[in-house]
């Protein structure tokens, strides 16, 4: 299955799961893909890859062996029952922003104009405040 040309791959980042805590940590990365596929065709191909790797339905935010998301698709914006582009929660998730910034240090959200680096910094300051207030624990050290 030819999706296009891989033009960049971030490091792998480990993060705690979002959602129920009864699951292992996740490994996250961002891949920059140059493709001629439409967003819908790319999504269909991604779902095929996930199924081949062994992804089976669980429950919302439940454990899964693989989860591939489309963060952006050029200048495309799309909202349908199948896919929303840009990804609606990408700017809220440090586990997306950290690897994304490795590939695109000056990434700007195509709709809001918000810089990913600024959003990550804001999220870091908010987290530090929660840790100091005692409402969030420090991350585990392996």
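A short reminder: the numbers here are calculations on the coordinates, not readings from a lab. Since we're looking at a predicted model, the values are computed, not measured. Neighbour counts are summed over all protein chains in view; Cβ atoms, including those assigned to glycine, are modelled from backbone coordinates with ideal geometry.
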Item to complete: Of the DSSP beta bridges with both residues in the stretch 3-136, give the percent that are antiparallel, rounding to the nearest 5.
Response: 90
Worksheet item: Which whole-number percent is the relative contact order of the stretch 63-142 (Cα, under 8 Å, 6+ apart)?
Response: 18
Practice prompt. Could you tell me how many degrees, from 0 to 90 and to the nearest 10, lie between the Cα long axis of helix 94-103 and the main elongation axis, the longest principal axis, of the Cα atoms of the chain?
Written response: 60
Worksheet, complete the sentence: With Cα coordinates, the longest principal axis of the chain makes an angle with the long axis of helix 116-133, in degrees rounded to 10, of 30
Response to the item:
Checked the stretch 64-120 against the a/c 1.5 cut and the a/b vs b/c comparison, axes a ≥ b ≥ c from its Cα gyration tensor; verdict oblate
Discussion item. Just to be sure I understand: if I project the alpha-carbon convex hull of the chain onto a plane and average over all orientations, what area do I get in nm²?
Written reply: 9.8
Discussion item. I'd like the per residue volume of the convex hull spanned by the Cα atoms of the stretch 27-71, given in cubic angstrom.
Written reply: 94
Worksheet entry | Per-pair calculated FRET efficiency, R0 = 22 Å: residue 81 and residue 34 via Cβ, rounded to 0.05 | 0.25
Discussion item. Below 8 Å, C-alpha to C-alpha, sequence gap of six or more: please give me the relative contact order for the chain in percent.
Written reply: 20
Fill in: Nearest-ten-degree value, helix 39-53 long axis tilted from longest Cα axis of the chain
70
Fill in: Theoretical ellipticity at 222 nm over the chain - DSSP helices of four or more residues, -39500 (n - 2.57) apiece, nearest 500
-10000 deg cm²/dmol
Item to complete: Would you kindly state how much longer the chain becomes between residue 55 and residue 67 on full extension, computed as 0.36 nm times their sequence separation minus their alpha carbon distance, in nm to one decimal?
Response: 3.5 nm
